[in-house]
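Structure first, commentary second.
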Amino acid sequence: MDNLAPDTSLALLQAAQSNTDTKARAVKSGTVIKDLAEIEATAKDFEAMFVSEMIKPMFEGLDTAPPFGGGKTEDVFRGMMLQEYGKMIAETGQLGIADVVKAEMIKLQEAVDGKPSS
């Protein structure tokens, strides 16, 4: 944000703050995710992101060979590849991270609603 005009930077900061305030109000008013399928999808997405971040260091030390390797494109491709690896690993369900996250999300939902969710 260093290269942005002051007005643009201020607008971006205000938009980010507004988005955070909206989410906080939604949680306080009990309008959090109620659909179990949506909770499952969110938990699975979290697991995929978590796995992607955990396997990222495995690829940081790899050198790219010229003439076709390296550069910004290599970095972008590697990031997308790691995201897809994370999704594939999360789809197997072998780690169980999504199950734990889902259970916690349901507990939080029940605490906000005051009753078990369906």
query = Using the per-residue mean of other Cβ atoms lying within 10 Å as a proxy for protection, in what order, highest first, do the peptides 45-52, 75-82 fall?
reply = 45-52, 75-82
inquiry  = If the reach is capped at under 15 angstrom between alpha carbons, list the aspartates and glutamates near Lys102, excluding any in the same chain fewer than eight residues apart.
reply    = Asp35, Glu38, Glu40, Asp45, Glu47, Glu91, Glu110
remark   = Log10 I(q)/I(0) at q = 0.19, 0.26, 0.27 Å⁻¹ for segment 34-113, from Debye over equal alpha-carbon scatterers, is -0.81, -1.14, -1.19
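Values in this text are rule-based calculations from the coordinates and carry no lab data. The structure presented is a predicted model; accordingly, all values stated were derived computationally and were not measured. Backbone-built Cβ (ideal geometry, glycine too); neighbour counts: all protein chains shown.
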